[in-house]
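No lab work stands behind these numbers, since they all come straight from the coordinates. These figures come from a predicted structure and were not determined experimentally. Positions of Cβ are backbone-derived with ideal geometry, glycine not excepted, and every protein chain shown enters the neighbour counts.
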Amino acid sequence: MTVEASGPIGLSSGRAAPRLPADMVFLPVDPGSRPVLAPLFRASGHRLCEYSYPIQVCWHDFNDSRWAIRDGWLFLRYVEDGCERFICPIGRGDWSAAIDACFRHLEARGQVPMVRFVPDAVAMALDPARYLRLHDFDNDDYVYGVQDLAQLAGRRYAKKRNHIAQFLRGGAWSFDPVLPGDRPAIDAFLEAWCLDRECSGQPALDYEMRALAVCLDHLDELDIRAWLLRGAQGEILGLTAGAPLTDDTWAVHFEKGLSTRPGVYQILAREFARRVPEGVLWLDREQDMGWENLRRAKESLFPDHRERAWTVVPADRAPPVADAVTGA
């Protein structure tokens, strides 16, 4: 089966099967790669947060994400638990051929042939006789209607409105864009947040703080929008940051709030939704990574749907091998 990719991706639509030699040079995903990568990610149509160029830059120190363009396709290779992987290639033409190129490259480097975070539309079109598709439930993205979160209307959001009412009774507040001079106060806020959440000894939270620092260092370069929620004395109570994912979808990449004032997270979610540009219909609030508390929090905002994520390996790979790698 030939799976055709379509859309204004901006790469060659040549039909030559892509080849990725084992020694091919891949470049780091960094702010300097924006002119090439940002428009390709944005136009890919892949509706998972992994296809946000800004988030790939912010998390580069964690996953060593690197890119190369070959035969009309953008390939992004990264490291997961010490093993090399690819996310779904970006381009036009035969997705099967592009995924096969990833498999061959990884095998030539002594790695398990595996493509992760494959969007639903691509995974469902692949020939099941050739590809084993594993649903990565923990990495499905939660997608919400912008107006649902901006209004929080109806009975299902009654608890959220009660939390907001409780927050409003706590005194004056403001919600403003992050400015360059805000960084020292933000650093102090994040230190307080980490103390509150006992970040010490939790590698995942440590990496997230480092990724957020990269975000704050490069807001303009990465086209990230960030806002601060402040109290009556100007103290920072919360921070949220996100960026465009596709033409009609924004991703909420970071959201942090102090527990000292109830309702902070409900205000952050509502105010972010009220400030995205006109024409944006959806908010991608990323995945829960299998964390039960995070899953409950995301479900409590009543997502419109979950954007499914898939892991794809060759069909002749035994399922236990794939399961062991993906944690399925």
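Take the alpha carbon atoms of region 154-208, find their center, do the same for region 272-320, and report the distance between the two centers in whole angstrom.
Taking the Cα centre of each part, region 154-208 and region 272-320 sit 21 Å apart.
At a 10 Å Cβ-Cβ cut-off, how would you order T240, T249, fewest neighbours first?
Result, fewest neighbours first: T249, T240.
Using only the Cα atoms, what convex hull volume per residue in Å³ does region 149-245 have?
In region 149-245, the Cα hull volume divided by residue count equals 143 Å³.
Evaluate the charge dipole of the chain about its Cα centre and quote only its size in Debye, nearest 20, assuming +1 on the Cβ of each Lys and Arg and -1 on the Cβ of each Asp and Glu.
Using Cβ point charges on Lys, Arg, Asp and Glu, the chain gives about 800 debye.
What percent of all Cα-Cα pairs in the chain falls in each 20 Å bin, counting up from 0?
Spelled out bin by bin, the chain gives 30, 56, 14, 0 percent.
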